[in-house]
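Student: Sharing a structure with you now.
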Amino acid sequence: MTLAIERTDTGTGPKPSAPQEVRRRRRTERPAWEEPPTLGGEAAKGITLGGVLLIMLVPLWIIVVTSLSTQAAVNRAGGLVIWPDGLTLEAYKVMLADSTVRTALLVSLGITAVGTIVSMVVSVMCAYGLSRSRSLGHRFILTLLIITMFVNGGLIPTFLVVTGLGGYGQWWALILPSAVSVFNILILRAFYSSTSLDLIEAARIDGAGDWRILWSIVLPTSRAVTAVMALFYGVGYWNSFFNVMLYMPTDSEKWPLQYVLLTYVNRGNGMPGSVNAGFGSQFAQTAPLSLQMAVVVLTLVPLLIVYPFVQKHFRTGVLTGAIKG
């Protein structure tokens, strides 16, 4: 870093430039309402953060270790295994050898990908329209959306509507009934409303329409909030299983991974609908609890892979979108 050096009137020597003085002053001065940090306060923060970290990591550690444990290790631990003892990959081999799990994994990936795209397209278009003060009926539509956050028809009317439209046993019944989140739309709208009006007016003078403005100006300047909303929708679709219980409870070929896990845990034996029900002799040699934990790990892996790429946008996207409204 190059420092700007100036001579004082008295010629006593160099002094830092004005920007550096401002940065140094900001580091030393604190707001009047903010107390100076104390040793006890810093220690309390560290202990609290460490406790929260343990609360999150210990269950994950137990799940992974149990999924890698043998039947004898599970028996010795009396259930979930905390300390590694006789680790093996047999549970994962048995799990991935089952056609139901492989199909469910593909179904979950497909539903998550298609559902996230559909939800983002609808949410972005709706949020952009509501963010333009001159759009037709935007206040009335916004009021209706907010009302649906507190008042809705309920489960039975929703089921009757979906089945009445022929959705029972169809793929779209796993996506469209939960395709839009009003909360996400409001966050996107708040962020879009804060987009520089000068940029939008300049684009209109150059002849750009709303589609061009949305694609070339609004979306590029809101990558953070868009990535966070896509993460919200993706996690929701990946973890969903309730719509399966309603609209296709008997067709195991259309079950996502989460519902396969739920059914397996409830039954406590082989994967439902498996070609080799109960996994045959392999299942007899593998701890059922290890298989359950192996499926849990499989459901966590995609989220653990995707989240680091979105994490840098998480705070910016959520807080900025909420505050700027």
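Student: Could you check how many residues of segment 32-75 are closer than 30 Å to T88 by Cα and surrounded by 11 or more Cβ atoms within 10 Å (Cβ to Cβ)?
Tutor: 19
Student: Here are the criteria: (1) charged (D, E, K, R); (2) under 30 Å from L257 (Cβ atoms); (3) free of Cβ contacts under 8 Å to residues at least 24 places away in the same chain. Tell me which single one R223 does not satisfy.
Tutor: Here R223 meets the rest and fails (3).
Student: Something else now. Of all residues in segment 196-207, which are at pLDDT 80 or above and of a type in the set (G, A, S)?
Tutor: A202, A203, G207
Student: Taking segment 140-154 as the search range and keeping residues that are at pLDDT 85 or above and more than 24 Å from the chain's Cα centre (by Cα), which one is nearest to N184 (Cα to Cα)?
Tutor: L142
Student: Starting from residues that are surrounded by 14 or more Cβ atoms within 10 Å (Cβ to Cβ) and either in contact with a Gly (Cβ under 7 Å, 6 or more places away or on another chain) or not β-branched (V, I, T) (or both), keep the ones in segment 111-124 and report whichever is nearest to L261 (Cα to Cα).
Tutor: T112
Student: Let me ask another. Of everything in segment 187-243, what is under 22 Å from G115 (Cβ atoms), in a helix (DSSP H, G or I) and polar (S, T, N, Q)? Give them in sequence order.
Tutor: Scanning segment 187-243 gives S222, T226, N239, N243.
Student: Could you give me the residue pairs with C-beta distances under 8 Å whose first residue belongs to segment 86-106 and is farther than 16 Å from P302 by Cα, whose second residue is of a type in the set (A, V, I, L, M) and loosely packed, with under 14 Cβ neighbours inside 10 Å wherever it lies, and which are 6+ apart or on separate chains?
Tutor: The qualifying pairs are G86/A72; D98/V275; S99/V275; T100/V275.
Student: Under 6 Å between Cβ atoms, which residue pairs at least 6 apart in sequence (or on different chains) link something in segment 298-312 that is modelled with pLDDT of 85 or more and of a type outside the set (A, V, I, L, M) with a partner that is loosely packed, with under 13 Cβ neighbours inside 10 Å and assigned to a helix (DSSP H, G or I)?
Tutor: So the pair list comes out empty.
Student: Continuing with this model, one more query. Could you tell me how many of the residues in segment 119-166 are over 19 Å from L246 (Cβ atoms), in a helix (DSSP H, G or I) and either out of contact with any Ser or Thr (no Cβ under 8 Å at 6 or more places or on another chain) or not hydroxyl-bearing (S, T, Y) (or both)?
Tutor: 21
Student: Okay, moving on. G137: under 30 Å from T221 (Cβ atoms) and either within 26 Å of the chain's Cα centre (by Cα) or modelled with pLDDT under 85 (or both), yes or no? Working first, answer last.
Tutor: Working: under 30 Å from T221 (Cβ atoms): yes; either within 26 Å of the chain's Cα centre (by Cα) or modelled with pLDDT under 85 (or both): yes.
The answer is yes for G137.
Student: When you look at A77, is it of a type in the set (G, A, S), farther than 30 Å from I200 by Cα and modelled with pLDDT of 85 or more, yes or no?
Tutor: On the way: of a type in the set (G, A, S): yes; farther than 30 Å from I200 by Cα: yes; modelled with pLDDT of 85 or more: no.
Criteria not met by A77.
Student: Please go through segment 167-186 and give me each residue that is part of a helix (DSSP H, G or I) and touching a residue at least 40 places away in the same chain (Cβ under 8 Å), ordered by number.
Tutor: Keep residues of segment 167-186 that are part of a helix (DSSP H, G or I), which gives 171-174, 176-178, 182-186.
Listed by number, the residues that qualify are W171, A173, L174, L176, P177, S178, N184, I185, L186.
The values are calculated or read from the model by the stated rules, or taken from the named source; none is laboratory data. Since this is a predicted model, take the numbers as computed values, not measurements. Note that we place each Cβ from the backbone using ideal geometry, even for glycine, and neighbour counts take in every protein chain shown.
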